[in-house]
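What follows is a short report on a single structure.
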Amino acid sequence: MQAVKHEFEPIYNKDSRILILGTFPSVKSREVNFYYGHPQNRFWEVVAKISNESVPNTIGEKKEMLLNNHIAIWDVIASCDIEGSSDSSIRNVVPNDIMIILKSCNIRKIYANGNMAKKLYDRYVKERTGLDIVELPSTSPANAIFTKEKLVVAWDKIINREEKTSAHVHL
């Protein structure tokens with residue numbers, strides 16, 4: 001087990017309407033100092049596909065794609081004890097202050113990238129925000145049951161349907 005602190009900032013701006021939360025950066029993400037840095041993680045491909053964009057390569061392109069599509073991203077955890085990249089090993093959680101984003105923009109819906117992100121949000125953050133989170137299937141390579149194509153269908157159905165029907169969250 002290693003005590004680790006989240007080292008990079010959330011991605012959002014005043015126009016963000018969707019917030020996608022992961023659990024905590026993987027070892028590879030911590031090495032590249034940006035979200036979903038493992039080459040096998042399908043996050044960037046899935047978000048590009050449901051946004052009708054090209055898959056971004058650089059950190060700048062990734063930020064631009066998110067912000068152009070009104071998507072904010074962050075992780076539930078600010079610091080924790082973790083073994084490698086194993087979400088199931090996470091202990092001694094200190095959550096991020098998600099209110100920083102919620103007070104800065106008109107987030108309409110919050111999504112969890114996977115079951116563990118939802119569980120951690122419900123346990124450590126929901127009481128503070130008072131908002132529910134919608135679970136999306138994880139884009140992690142560990143979620144082998146979902147092919148990239150199945151992820152795209154699930155994420156598109158949930159996010160694009162919700163985006164068309166949801167009301168603004170007012171804080």
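Coordinate-derived values only; no laboratory data. Since the structure is predicted, the reported quantities are computational estimates derived from the model, not experimental observations. So basically every Cβ, Gly included, is an ideal-geometry build from the backbone, and we count neighbours across all protein chains shown.
Over the chain, DSSP H runs of length four or greater, each weighted -39,500 (n - 2.57), average out per residue to a 222 nm ellipticity of -9500 deg cm²/dmol. For a straight C-alpha distance cut-off of 27 angstrom, the lysines reachable from K150 (same-chain residues fewer than eight places away being disregarded) are K28, K49, K62, K63, K109, K118, K119, K164. For a modelled paramagnetic label at N115, 7 Å from Cα along Cα-to-Cβ, the residues of the stretch 124-162 in reach, with backbone nitrogen under 19 Å, are 124, 133-148, 150-152, 154-155. The amide H of S79, built 1.01 Å from its N in the peptide plane, has H6, V94 as neighbours under 5 Å, considering only residues 5 or more places off or on other chains.
If you run the Gaussian network model on the chain, springs between alpha carbon atoms under 10 Å, then out of N13, N115, N92 the most flexible one is N92. Model label sites at V153 and S79, defined 7 Å from Cα along the beta-carbon direction, differ in position by 4.4 nm.
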